[in-house]
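Here's the structure, in structure tokens; my notes come after.
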Amino acid sequence: MTDYFPGVPRRIEYGGPQSRNPLEFKHYNPDEVVAGRPMRDHLRFSVVYWHTFSNPLADPFGVGTALRPWDDGSGSLENALRKTDVAFDFMERLGAPFYAFHDRDVAPEGKTLAESNKNLDAVVARLKEHQQRTGIRLLWGTANLFSNPRYAQGAATSPYVDVFAFAAAQVRKAIEVTHELGGAGYTFWGGREGYSTLLNTNMKRELDHLARFLHMAVDYKKSIGFNGPFYIEPKPKEPTKHQYDSDAAACLNFLREYGLLEHFKLNIETNHATLAGHEMQHELEVAAAAGALGSIDANTGDPLLGWDTDQFPTDIYLTTRCMLVILKMGGFTTGGVNFDAKVRRESFEPVDLFHAHIGGMDAFARGLKIADAILRDGRLDAFVRQRYASWDGELGRRIEAGQTTLGDLEAYILPKGDVPQCPSGRQEMLENLINEFL
Ligand code: XLS
Ligand code: NI
Ligand code: NI
């Protein structure tokens, strides 16, 4: 096979923090044990097919700039097959243990659903060979229910029943091939499941349909013996004005309301959290508190651009806070750190794909080491424990156990007159404490 990455070594090595080689890891050392597990198993890095191998780097003001010499832009099956070879070459050099794809990233859409399925089967056979040869695994699969014009008004929430049926058939196939490839999970991102205006929208009916759609997916998953979790990926807007899966709390409420919670976890994406007006740590904690933190789409936005710029994460403060939540929940099981991120339009060369992933992997490796050090140090946790210590007394325990009434609490507090001054929250001290470890 042609070497499409000249100058890039067959394997990106760990050079250590002193290395000045842009094609070496400074912090990601896959075999190094942190908090009882090798870094590789903590982080479970995954490369996304769509941004890394299928994104031409266009923006609303200009065409794609990406130089991808292996891609003839033809949309032929042959081109798609060649792309799989390059994708696995890339992932092998990077040492990424996982990847993720949409059905339409890997195989061209045909004129009919049957033709699209046939294309997909051909590519999946090749992906399977590559997986077996390299040991690289599928973190999750998904269906693209947003690019084709038929989905302009939604897929599972389309006002038109034939569109719903088409989407259902497409998802059936996407779950089937995910299972065929041994995928660890399957993701639903509701790209166009929302609205542009409520004037033409029956929201209640659309939400009922979405729930029916997901229930059928659960039934199908059981019928073929696919045991991986389903993930919902929250995002509040873009492309629609309002997406129903707007944030972690909204997703959890929807899943509970429709009796779907036991079948789903959440796949939390940093830039989506920002668009929802939350910090990533907030979204992770909401999901983790519900026992539903499944996986993350690791990227970041630009604070000065209010859209889903999907940049590679390089901010150590951000990755540290992600890893604090993930370590505290005991680490990933089926999920991982999936780079749903793209290089900038200005970074159009193939080697930029390496720089981007190496930087993201190093940022998460550092975040992991720093979070582990903060947890071992224990002062942060001790502070939070102490802050709630009054709840560990007799009264707190009784309230938490549901053994008190408002009247009991009135009888308790009345003789005291008022509550004495509460201790300081010490935010600045704790921010400084985190910085000790950075
Ligand atoms: C888009 C989403 C998408 C999902 C997969 O904003 O992040 O890439 O992860 O459909
Ligand atoms: Ni995503
Ligand atoms: Ni996104």
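The values are calculated or read from the model by the stated rules, or taken from the named source; none is laboratory data. For clarity, every value in this text was computed on a predicted model and none was experimentally measured. Every residue, glycine among them, receives a Cβ derived from its backbone with ideal geometry; neighbour counts consider all protein chains shown. Calculation scope for accessible area: heavy atoms of the full protein, side chains included, ligands and nucleic acids excluded. Shrake-Rupley method; radii C 1.70, N 1.55, O 1.52, S 1.80 Å.
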Check your understanding: What is the residue count in the range 328-348 for residues that are at positive phi and free of Cβ contacts under 8 Å to residues at least 60 places away in the same chain?
Key -> 1
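Residue under question is L261, and the condition is that it be of a type in the set (A, V, I, L, M) and open to solvent by 30 Å² or more (accessible area, probe 1.4 Å); does it hold?
Values: of a type in the set (A, V, I, L, M): yes; open to solvent by 30 Å² or more (accessible area, probe 1.4 Å): yes.
So L261 fits the description; yes.
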Exercise for review: Looking at (1) under 19 Å from A292 (Cβ atoms); (2) open to solvent by 50 Å² or more (accessible area, probe 1.4 Å), find the lone condition where H215 falls short.
Suggested key: (2)
Review point. Just wondering, is there one or more residues in the range 274-287 that are within 16 Å of M39 (Cα to Cα) and either crowded, with 21+ Cβ neighbours inside 10 Å or within 16 Å of ligand 3 (Cβ to nearest atom) (or both)?
Key: no
Review point. If you go through the range 149-179 one residue at a time, how many are open to solvent by 40 Å² or more (accessible area, probe 1.4 Å) and over 23 Å from the mean Cα position of the chain (by Cα)?
Key: 10
**Study point:** Residue, farthest from ligand 3 (Cβ to nearest atom), within the range 243-258, restricted to residues that are in a loop (DSSP other than H, G, I, E, B) and in contact with a helix residue (DSSP H, G or I) (Cβ under 8 Å, 6 or more places away or on another chain)
**Key:** Y258
Study note, to complete from the structure: Of L275, L266, the only residue that is closer than 21 Å to F339 by Cβ, of a type outside the set (V, I, T), out of contact with any helix residue (DSSP H, G or I) (no Cβ under 9 Å at 6 or more places or on another chain) and within 14 Å of ligand 2 (Cβ to nearest atom) is L275
Exercise for review: Scan the range 295-317 and give yes if some residue there is touching a residue at least 24 places away in the same chain (Cβ under 8 Å), farther than 18 Å from F45 by Cβ and among the β-branched types (V, I, T), otherwise no.
Suggested key: yes
Exercise for review: Select, from E238, E193, the only residue that is in contact with a Leu (Cβ under 9 Å, 6 or more places away or on another chain), within 16 Å of ligand 2 (Cβ to nearest atom) and open to solvent by less than 50 Å² (accessible area, probe 1.4 Å).
Suggested key: E193
Check your understanding: Does the range 43-64 include one or more residues that are more than 16 Å from ligand 3 (Cβ to nearest atom), modelled with pLDDT of 95 or more and assigned to a helix (DSSP H, G or I)?
Key -> yes
Review point. Identify, please: which residue in the range 270-288 is touching a Leu at 6+ places or on another chain (Cβ under 9 Å) and under 19 Å from G331 (Cβ atoms) and is, among those, farthest from ligand 1 (Cβ to nearest atom)?
Key: E285
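Tell me whether the range 73-80 contains one or more residues that are under 26 Å from the mean Cα position of the chain (by Cα), within 30 Å of I326 (Cβ to Cβ) and either assigned to a strand (DSSP E or B) or not aromatic (F, W, Y) (or both). Lay out the reasoning, then the answer.
The first filter runs over the range 73-80 and keeps only residues under 26 Å from the mean Cα position of the chain (by Cα), leaving 80.
Filter once more, so that each one left must be within 30 Å of I326 (Cβ to Cβ): none.
Checked against the condition, which is being under 26 Å from the mean Cα position of the chain (by Cα), within 30 Å of I326 (Cβ to Cβ) and either assigned to a strand (DSSP E or B) or not aromatic (F, W, Y) (or both), the range 73-80 yields no hits at all.
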Review point. When you go through G194, G141, G182 one by one, which is the residue that is within 18 Å of the chain's Cα centre (by Cα), within 24 Å of D340 (Cβ to Cβ) and of a type in the set (G, A, S)?
Key: G141
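Could you identify the single residue in G425, G417 that is small (G, A, S), at pLDDT 95 or above, over 26 Å from the mean Cα position of the chain (by Cα) and open to solvent by 40 Å² or more (accessible area, probe 1.4 Å)?
Result: G417 is the single residue among G425, G417 that is small (G, A, S), at pLDDT 95 or above, over 26 Å from the mean Cα position of the chain (by Cα) and open to solvent by 40 Å² or more (accessible area, probe 1.4 Å).
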Practice item. Among the numbered conditions (1) part of a strand (DSSP E or B); (2) within 14 Å of ligand 3 (Cβ to nearest atom), tell me where G294 comes up short. Key: (2)
**Study point:** Where a residue in the range 96-108 is among the hydroxyl-bearing types (S, T, Y) and its partner, wherever it lies, is assigned to a strand (DSSP E or B) and open to solvent by less than 10 Å² (accessible area, probe 1.4 Å), with Cβ under 6 Å and at least six apart
**Key:** Y99/S46; Y99/V47
